[in-house]
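Working notes for the structure below.
What follows draws every value from the coordinates through simple rules; no lab data is involved. Since the model is a prediction, treat every value here as computed from it, not as a measurement. Counting neighbours? That spans all protein chains shown, and the Cβs are built from the backbone with ideal geometry, glycine included.
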Amino acid sequence: MQILNNKVAFITGASRGIGKAIAFTLAKSGADIVGVDVAIDGLKSSMDEVESSTGRKAIGIQGDVGDYASMERSGEEAIRLFGHINILVNNAGITRDNLILRMKDDEWENVLRVNLTGTFNCTKAIIKGMVKNREGRIINIASIVGVMGNIGQANYAASKAGIIGFTKSVAREYANRGITANVIAPGFIETDMTLALSDEVRKTLTSQIPMSRLGKPEDIAHVVKFLASDEASYITGQVIHVNGGMYM
Ligand code: NAP
């Protein structure tokens, strides 16, 4: 008996990076997976990998978290296939970095739309079923940047700080329906998102991390697994920092 047996996890941005690692880790712990992403090809091959290496069901649904109707459709499709959703991981996120004086309206708006409105859209679409079942785990992926701020990332920092306030409100609103909502705030993690950093920036960043390395996607996925498990049933409204000591 694995700790997430009979659970279904709905994970956004599941085709690569942290989302893909979360899909693998939850499936290895017994959960069936619904992965959602904009680009269906990458998503399908990631879900196939999850299925063949874990033996759990893993299906990919094309969807844009920034579009509520798309998330409602994805949620309905997941319920049609699996009957219920126990775990929602709002992981999809983008960066469009620029200094404030140079930041274009669309750089600001797109980051807020995907990261913050996307988290609201998915939560609103999926929580309905959780309320009905009086059971659910919502795990939102924010960032160390939402707590510390960062030069060139005012849009991203605002979206991630917004996720923290949003999650605490969800936690308070739905605690008496058996639903928990928590945030994981990763530090800097080895994915395509950080691959874009220059060697110089990476060196400076690493010097600010007591553990002297960037994190791995699995470092985040293991915390998601814990928050989704029965052992975490009394934890809600919290921000769990996973950053090698960079922020404490
Ligand atoms: P990543 O490698 O860039 O992957 C992001 C995923 O989100 C991709 O699969 C992407 O799809 C998907 N996505 C983007 N826009 C979407 C939309 N509108 N609807 C649905 N899916 C969408 O990023 P990552 O590093 O794994 O980051 C995952 C999460 O962790 C993000 O929320 C990020 O902000 C957060 N985070 C990352 C770090 C880090 O250092 N890497 C640190 C702190 C927090 P496509 O493949 O189609 O583009």
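Taking label points 7 Å from Cα along the Cα-to-Cβ direction, Ser53 and Glu109 give a separation of 3.9 nm.
The length gained by stretching the chain between Asn150 and Arg213 to full extension, at 0.36 nm per residue less their Cα-Cα distance, is 20.8 nm. Across the cross-link table entries Lys7/Lys160; Lys7/Lys203; Lys44/Lys216; Lys57/Lys124; Lys44/Lys168; Lys28/Lys160, which are compared at the Cα atoms, the separations over 31 Å belong to Lys7/Lys203; Lys44/Lys168. For the range 178-248, the set of trypsin sites (Lys or Arg not before Pro) satisfying both a DSSP loop assignment and a count of at most 13 other C-beta atoms within 10 Å is given as Arg213.
Distance between the 7 Å Cα→Cβ label points at Glu135 and Val201: 4.4 nm. Highest GNM mean-square fluctuation among Gly75, Gly63, Gly165, for the chain modelled with Cα contacts below 10 Å: Gly165.
On a full-extension model of 0.36 nm per residue, what is the gain between Ala175 and Ser45, subtracting their alpha-carbon distance, rounded to one decimal in nm? Write down the numbers at each step before the final one.
Working: separation 130, 0.36 × 130 = 46.80 nm, distance 3.63 nm.
Using 0.36 nm per residue and subtracting the Cα-Cα distance, I get 43.2 nm.
When the helix-only estimate is applied to the chain (DSSP H runs of n ≥ 4, each -39,500 (n - 2.57), divided by the residue count), what is the mean residue ellipticity at 222 nm, nearest 500 deg cm²/dmol? Result for the chain, helices only: -14000 deg cm²/dmol.
Relative to 2.2 N^0.38 Å, what does the C-alpha radius of gyration of the chain come to as a ratio? Two decimals please.
Details: Rg = 17.1 Å, N = 248, 2.2 N^0.38 = 17.9 Å.
Computed over Cα atoms of the chain, the ratio equals 0.95.
Peptides 146-154, 17-25 ranked from most to least packed, by the mean per-residue count of other Cβ atoms within 10 Å: 17-25, 146-154. The range 98-131: which trypsin sites (Lys or Arg not before Pro) are DSSP loop and have at most 13 other beta-carbon atoms within 10 angstrom? Within the range 98-131, the qualifying trypsin sites (Lys or Arg not before Pro) (loop, at most 13 other Cβ atoms within 10 Å) are Lys104.
Length available on full extension from Ile100 to Phe226: 0.36 nm per residue minus the Cα-Cα distance, which gives 41.6 nm.
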